[in-house]
């Protein structure tokens, strides 16, 4: 515990409740809440396209154009891939000095439903690639701006987008205040269930719209329960000529190990050894369970938007028989985009950084979380693929439904921060009035406008040939991950 406390400036180590409240209120002098709404881009702000091209140097070259194409779909998808840009913007600006373990990329699409080891469903933050300690308000700033961009994607005017962002901030504020009055254990045990999603999405909706919202959520929860290990197996695998199950080969998005450049040591023998090492970083009981499985096949699978181009390997494991199958995902982990602006990770292995951050912030985590060093010395973290995972489809949501979802995510983030920082100091800073939520809403509008401008610059760079972009089906079909290692040397 003492090591974790040292990571988070201001985390209580025995101070009284009154002292912690005073600490939170004093932080208003360092960053007045109204200044959140008055935020402007830093004068020394680098070009966002240059920051993104800098990331491309450490990624699989043949997949970088896919990343750029996915980011170029809309300002919202651009924002999803531009965590490094926002980290740079916030890092160059004033902050509260109140720190927590951060998600680091808390936009609205990085929340969702997933299964617990008890086979229940929970709603929580679900992406921690950028996790690192930092000023607590940064996560919320990323969340509220994402709602304005999503509202614009849904054709909603900015007065409604502002209200939706304010709903997220107000829910964060309310849940944080409640968390500041509970014990650490109560906050640790508190989790959000699917019925809370239904309540949030239906918030303020009456008549036929309420029924429509209820059907949407119920359908999504049913879908989540169907997305077990076998849903991934049915979608991603086939029976090979030898009668054994194997991954499909559908380049460039899914490429079997035998079709990947062997100079990078992506071979079956290497991953047999990796699977053995992986169990040593998991919780002991889960490691004992996984050690009973045998690795059948390995493939590279392109995932997400911002992560495209980083090695992302999936492994097919067999247990008792051919019907006892499990798919694990191993994603490469680089330094968090927050580190240049906060502190260097105390973990030499960035897979461990991701796993520890996730375990700190989530109410309950994936039972197969662990980390490994892969071929070429690349850091990876591992988890299950799918396993009851589902995210709300925001397309077509009206303003009240979107505000309901904003409230749900804002409250969820507050619970994560209550587990990962000092909720007493945070609650004292945000206060009980409307100043904080209204300032966050104004920031969301300002930052969404900045992202619109960055998106226009980025797509112009694609049109001019400065940035290469290629739709998935027209991208290069040969993956040579060794180029990534060479580019780091």
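The values are calculated or read from the model by the stated rules, or taken from the named source; none is laboratory data. Since the structure is predicted, the reported quantities are computational estimates derived from the model, not experimental observations. Backbone-built Cβ (ideal geometry, glycine too); neighbour counts: all protein chains shown.
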Of these, 365, 404, 319, 376, which one is in the same structural domain as residue 67 (by TED's automatic domain parsing) and either over 29 Å from residue 257 (Cβ atoms) or surrounded by fewer than 24 Cβ atoms within 10 Å (Cβ to Cβ) (or both)? 404
It is to be established whether one or more residues within segment 99-106 are in contact (Cβ under 8 Å) with a residue 40 or more places away in the chain and surrounded by fewer than 20 Cβ atoms within 10 Å (Cβ to Cβ). no
Pairing a residue in segment 448-466 that is assigned by TED's automatic domain parsing to the domain that holds residue 148 with any residue that is surrounded by fewer than 16 Cβ atoms within 10 Å (Cβ to Cβ), where Cβ atoms lie under 7 Å and the two sit 6 or more apart in sequence or on different chains, gives 450/41
All conditions in (1) within 21 Å of residue 411 (Cβ to Cβ); (2) in contact with a helix residue (DSSP H, G or I) (Cβ under 8 Å, 6 or more places away or on another chain); (3) buried (at least 20 other Cβ atoms within 10 Å of the Cβ) are true of residue 110 except (2)
Considering every residue within segment 394-416, establish whether at least one is in a strand (DSSP E or B) and in contact (Cβ under 8 Å) with a residue 12 or more places away in the chain. no
Mind checking which pairs have a first residue in segment 338-349 that is assigned by TED's automatic domain parsing to the domain that holds residue 102 and at pLDDT below 95 and a second that is surrounded by 20 or more Cβ atoms within 10 Å (Cβ to Cβ) and outside any loop (DSSP other than H, G, I, E, B), Cβ under 8 Å, 6 or more apart or different chains? none
From the list 410, 382, 370, which one is under 16 Å from the mean Cα position of the chain (by Cα), over 30 Å from residue 28 (Cβ atoms) and surrounded by 24 or more Cβ atoms within 10 Å (Cβ to Cβ)? 382
How many residues of segment 419-438 are in a helix (DSSP H, G or I) and under 27 Å from residue 362 (Cα atoms)? The answer is 12
So, restricting to helices (runs of 4 or more DSSP H) that lie completely within segment 1-57, which ones have at least 1 residues that are at pLDDT 80 or above, farther than 25 Å from residue 183 by Cβ and not assigned by TED's automatic domain parsing to the domain that holds residue 337? 17-30, 33-37, 48-56
Scan segment 64-85 residue by residue and report those that are touching a helix residue (DSSP H, G or I) at 6+ places or on another chain (Cβ under 6 Å) and within 13 Å of residue 340 (Cβ to Cβ). 84, 85
Before we move on, is residue 93 surrounded by fewer than 22 Cβ atoms within 10 Å (Cβ to Cβ) and not in a loop (DSSP other than H, G, I, E, B)? no
Which numbered condition trips up residue 144, out of (1) within 30 Å of residue 379 (Cα to Cα); (2) in contact with a helix residue (DSSP H, G or I) (Cβ under 6 Å, 6 or more places away or on another chain)? (1)
